[in-house]
Amino acid sequence: MTHQNPLIQTLQELETEALDAIRAVPDGDALEVLRVSYLGRKEGRISGILRGLGALAADERPPVGAEANRVKESLREALEAREAEMSTSGEDTGAPAEDLTLPARHRWSGGIHPVNQVIDEIWTIFQSMGFVRARGPEADTEWYNFLALNTPLDHPAADEQDTLYLKDSVLLRSHTSPVQVRTMEKHEPPIRILAPGMVYRRDSYDATHTPAFAQIEGLVVDEGISFVDFKATLAEFARRFWGPGTKVRFRPSFFPFTEPSAEVDVKRMITMKDGTRVESDWIEIMGAGMVDPNVLENVGYDAERYTGFAFGMGPARIALLKYGVPDLRMFFQNDVRFLSQFTSQFPSQFTERSAT
Ligand code: DAH
């Protein structure tokens, strides 16, 4: 044909170039780029050539249109063939490979915070001894936080230096002991409660202090509760929590709401790496005592008839000792590399990485 339209030649040159490019393409993504650049409806090069059709005489248009359709079809086939070739030879087609022998990816699932784990463990022990759970508000009044607990407002703990006041006589509770008062106000003895919760103090934020921390309060009141019940219950708790070899010591102390008062220390048996068992130092785990009769009277109980004991402990400190954590602040930083060490349902990010 002598009168071949120049557009037909352009189309044929483009076909040759495109077929070479398709054969050389390295991966599925690049293949897609090629497809769009040749066959794309708007920006594609064949569409661009066909836009010149309008300038041709009416009888010249059909052969150019027919040639354009042939080239399009030829390129479509080449693209498909190249894609099929890449997927059978294992080259990346951009589509996800299904390799059923790969290890499964770990699902990212949450875990229970180490301090809450300790609270749960302590709760389980007291629950089995017949305690029930109690709670109170974190914002409370001077009456519940101090006065009803036989603590005068000129006591150093009631000072603004130590306690966070919200307004006038309303404050963030500085201990969980107000839950004792709130429970006794609502219920007659026998009382046997455990009350975990957050407390707040105007304190520094360092390795051994945090201005917010958890406490666990306990209270038992009934007719005939004696110092023997008090010692036996807390010793039983310590042996269940730290193991049967644990020694327990009650050191005389002072709290306004108990008389007599004690600080309870434990000496744990520790298993060394080589299997030998050694005794730890004495560590203080709680404040405790026999409920002061003034507290019982403040809630309208007959202090001649009822007696009781109470205790308060810090689960974060206990978690620190249990897990050998060097700094209380680590419990607040929410670093998953730290937190993931405390539960098996929460795979560490190192496992996560190696599996992906
Ligand atoms: N409320 C005390 C504190 O925060 C701890 C405490 C001591 C609680 C003796 C008690 C107790 O119930 O009997 O330091």
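The values are calculated or read from the model by the stated rules, or taken from the named source; none is laboratory data. Predicted model only: the values in this text are computed from it and were never measured. Please note: Cβ atoms are built from the backbone with ideal geometry, for glycine as well, and neighbour counts cover all protein chains shown. Surface accessibility is based on the protein's heavy atoms, side chains included, excluding ligands, DNA and RNA. Shrake-Rupley method; radii C 1.70, N 1.55, O 1.52, S 1.80 Å.
Would you check which residues across the stretch 316-333 are open to solvent by less than 70 Å² (accessible area, probe 1.4 Å) and within 21 Å of Met269 (Cβ to Cβ) and list them?
Scanning the stretch 316-333 gives Ile318, Ala319, Leu320, Leu321, Gly324, Val325.
For the structure I just gave you, tell me whether Met198 is within 15 Å of the ligand (Cβ to nearest atom), in contact (Cβ under 8 Å) with a residue 60 or more places away in the chain and either closer than 19 Å to Met286 by Cβ or surrounded by 17 or more Cβ atoms within 10 Å (Cβ to Cβ) (or both).
Yes.
Does Gly224 satisfy being away from the ligand (no atom under 16 Å from the Cβ), among the small types (Gly, Ala, Ser) and under 21 Å from Asp120 (Cα atoms)?
When the stated conditions are applied, Gly224 does not pass them.
Condition first: assigned to a loop (DSSP other than H, G, I, E, B) and either hydrophobic (A, V, I, L, M, F, W, C) or at positive phi (or both). Now tell me which residues in the stretch 134-173 satisfy that.
Ala134, Phe146, Asn150, Leu153, Leu164, Asp168 - these are the residues of the stretch 134-173 that are assigned to a loop (DSSP other than H, G, I, E, B) and either hydrophobic (A, V, I, L, M, F, W, C) or at positive phi (or both).
Are there strands (runs of 3 or more DSSP E) fully within the stretch 189-291 with at least 1 residues that are aromatic (Phe, Trp, Tyr)? List them.
In the stretch 189-291, 191-200, 212-223, 247-255, 277-291 are the strands (runs of 3 or more DSSP E) which contain 1 or more residues that are aromatic (Phe, Trp, Tyr).
Residue under question is Thr176, and the condition is that it be in a loop (DSSP other than H, G, I, E, B), of a type in the set (Val, Ile, Thr) and in contact with a strand residue (DSSP E or B) (Cβ under 8 Å, 6 or more places away or on another chain); does it hold?
When the stated conditions are applied, Thr176 passes them.
Conditions tested, residue by residue: (1) within 21 Å of Ser177 (Cβ to Cβ); (2) of a type in the set (Val, Ile, Thr); (3) more than 10 Å from the ligand (Cβ to nearest atom).
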| position | (1), (2), (3) |
| --- | --- |
| Phe230 | yes, no, no |
| Pro252 | yes, no, yes |
| Val264 | yes, yes, no |
| Met269 | no, no, yes |
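Only one of these is modelled with pLDDT under 95, out of contact with any strand residue (DSSP E or B) (no Cβ under 6 Å at 6 or more places or on another chain) and surrounded by fewer than 19 Cβ atoms within 10 Å (Cβ to Cβ): Asp274, Asp229. Name it.
Exactly one residue qualifies, and that residue is Asp274.
Filter the stretch 117-142 down to the residues that are out of contact with any Leu (no Cβ under 9 Å at 6 or more places or on another chain) and without any contact (Cβ under 8 Å) to a residue 60 or more places away in the chain and list them by number.
Asp120, Thr124, Ser128, Pro137 - these are the residues of the stretch 117-142 that are out of contact with any Leu (no Cβ under 9 Å at 6 or more places or on another chain) and without any contact (Cβ under 8 Å) to a residue 60 or more places away in the chain.
May I ask you to verify whether Ala139 is of a type in the set (A, V, I, L, M, F, W, C) and surrounded by 15 or more Cβ atoms within 10 Å (Cβ to Cβ)?
Criteria not met by Ala139.
Could you grab the pairs with beta carbons closer than 6 Å, sequence gap of 6+ or different chains, first residue in the stretch 63-91 and more than 18 Å from Gly48 (Cβ to Cβ), second one in a helix (DSSP H, G or I) and open to solvent by 70 Å² or more (accessible area, probe 1.4 Å)?
Pairs found: Leu79/Arg35.
Identify, please: which residue in the stretch 232-245 is in contact (Cβ under 8 Å) with a residue 40 or more places away in the chain and more than 13 Å from the ligand (Cβ to nearest atom) and is, among those, surrounded by the fewest Cβ atoms within 10 Å (Cβ to Cβ)?
Filtering the stretch 232-245 for residues that are in contact (Cβ under 8 Å) with a residue 40 or more places away in the chain and more than 13 Å from the ligand (Cβ to nearest atom), the one surrounded by the fewest Cβ atoms within 10 Å (Cβ to Cβ) comes out as Glu236.
Sort through Asp302, Asp292 and tell me the only one that's at pLDDT 90 or above and loosely packed, with under 13 Cβ neighbours inside 10 Å.
The match here is Asp302.
Of all residues in the stretch 246-258, count the ones that are of a type in the set (A, V, I, L, M, F, W, C) and open to solvent by 80 Å² or more (accessible area, probe 1.4 Å).
1
When you check Ser261 against the structure, is it small (Gly, Ala, Ser), open to solvent by less than 20 Å² (accessible area, probe 1.4 Å), in the same structural domain as Asp203 (by TED's automatic domain parsing) and at pLDDT 95 or above, yes or no?
yes
Just checking, how many residues over the stretch 292-310 are in a helix (DSSP H, G or I) and within 11 Å of the ligand (Cβ to nearest atom)?
Residues flagged as in a helix (DSSP H, G or I) and within 11 Å of the ligand (Cβ to nearest atom) within the stretch 292-310 amount to 1.
Residue-wise test of (1) farther than 18 Å from Thr258 by Cα; (2) in contact (Cβ under 8 Å) with a residue 40 or more places away in the chain.
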position	(1), (2)
His155	no, yes
Ala158	no, no
Tyr165	yes, no
Gln180	no, yes
Met184	no, yes
Arg202	yes, yes
Thr210	yes, yes
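Criterion first (open to solvent by less than 20 Å² (accessible area, probe 1.4 Å), in the same structural domain as Val181 (by TED's automatic domain parsing), under 19 Å from Leu320 (Cα atoms) and in contact with a Gly (Cβ under 8 Å, 6 or more places away or on another chain)) does Ile216 satisfy it?
yes
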